[in-house]
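Here is the structure we will look at.
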Amino acid sequence: MRIDPNFQLARLARVHGTYHCKGMFLMFVIHLHMEGKEMGIFDRLLGPSEVEKLKEKKDVEGLVRKLETGKPREQASAAYALGDIGDERATEPLIRLLERVETDGDVCIAGVNALGKLGNDRAVEALVRALSDTVRGRTSSIGLLELPVALAAAHALSSIGKPAVEPLINALGSELGRMRVYARRALEMIGEPVVEPLKKALTNENKYVREEAGEILKDMRVDFKPTPSTPRKRYCIKCGAEMLVEAKYCPECGSAQ
């Protein structure tokens, strides 16, 4: 949770008068610090945090413990610190943090950011899954979603680069439109290394992959000649009639496939 200090100070002044509110506000800051909530610049009044001390010592194990057991503010700080240190031992704990459904949005953003900095291709699968997460993320002081986890994951995958290209192209075939949007953005940010794989994807059996690959290449102003693919066939599980691979219902008997 983000606290607007100016708003809180003004609120106290209206209730208690300007003379008394400053001391009360300092107590308010100290209380929030102890509760593990975000206060930004006011944290400096209270000296370096335990996470900052662990970061200075490059204590990866200590930071991982904070990541797993700390309050949300400590978890986020620990994640950023692990990304800055760059030790690959942090990869798996960060993936576990990201995949817990109860993880706070700001903490998820910090974890994704750290995985992007670490650049370990073991994180690619988890980050691709996070491309569909448009619910959690960093929120504004009035509760609006400013940075969804999906967008942060797209940036992290673009930082990892080439190892993420094929999984991202596969994600273009997702039934979830939001995942396709962010996979496309990640591929566009990676740039040149995606060109040849995207050209090959123009003949993919999945229509979403074909369409998205063509659109990305157009946006990148890459000259290409789409290669028409021969429609593949499969057979109805009920009546055995021949049908297109992408068909959801048999054209003969109408049964769902």
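Projecting the Cα atoms of Ser77, Leu145, Leu97 onto the dipole axis of the range 65-146, where Lys and Arg carry +1 and Asp and Glu carry -1 at the beta carbon, places Ser77 farthest toward the positive end.
Counting every other Cβ atom within 10 Å of each residue's Cβ, Cys250, Cys239, Cys108 order from fewest to most as Cys239, Cys250, Cys108. When the pairs Lys66/Lys117; Lys71/Lys162; Lys200/Lys248; Lys162/Lys225; Lys117/Lys207 are compared against a 29 Å limit on Cα-Cα distance, Lys71/Lys162; Lys117/Lys207 fall above it. If every alpha-carbon in the range 58-219 counts as one equal scatterer, what log10 I(q)/I(0) does Debye give at q = 0.09, 0.13, 0.16, 0.18 1/Å? Debye intensities relative to I(0), on a log10 scale: -0.30, -0.59, -0.84, -0.99. Its Cα centre serving as origin, the range 144-245 has a Cβ charge dipole (Lys and Arg +1, Asp and Glu -1) of approximately 400 debye. Sorted ascending by nearby beta carbons within 10 Å, beginning with the fewest, Tyr249, Tyr208, Tyr80, Tyr182 become Tyr249, Tyr208, Tyr80, Tyr182.
The GluC sites (Glu not before Pro) found in the range 55-153 that occupy coil by DSSP, while having at most 12 further C-beta atoms within 10 Å, are Glu102. Ordered by the number of other Cβ atoms lying within 10 Å of each residue's own Cβ, fewest first, Lys248, Lys55 fall into the sequence Lys248, Lys55. Which shape class, rounded, prolate or oblate, goes with the range 147-238 when its Cα gyration tensor gives a ≥ b ≥ c as root eigenvalues, a/c under 1.5 marks rounded, and past that a/b bigger than b/c marks prolate? Because a/c hits 1.5 or more and a/b fails to exceed b/c, the range 147-238 counts as oblate.
Here the 3J(HN,Hα) profile of the range 183-194, calculated from phi with Karplus coefficients 6.51, -1.76 and 1.60 at θ = phi - 60°, is 5, 4, 4, 4, 5, 5, 6, 5, x, 3, x, 8 Hz, Gly and Pro shown as x.
Run down the aspartates and glutamates and flag those whose C-alpha is under 15 Å from the C-alpha of Lys199, throwing out any fewer than 8 positions away in its chain. Answer for Lys199, where 15 Å is the Cα cut-off: Glu166, Glu188, Glu211, Glu212, Glu215, Asp219, Asp223, listed by chain and number.
Sites listed here are GluC sites (Glu not before Pro) in the range 166-250 whose DSSP assignment is loop and whose Cβ has at most 16 other Cβ atoms within 10 Å: Glu175, Glu205, Glu246.
No value in this document is a laboratory result; all are computed from the given coordinates. Fair warning: this is a prediction, and the values are worked out from it, not measured in the lab. Backbone-built Cβ (ideal geometry, glycine too); neighbour counts: all protein chains shown.
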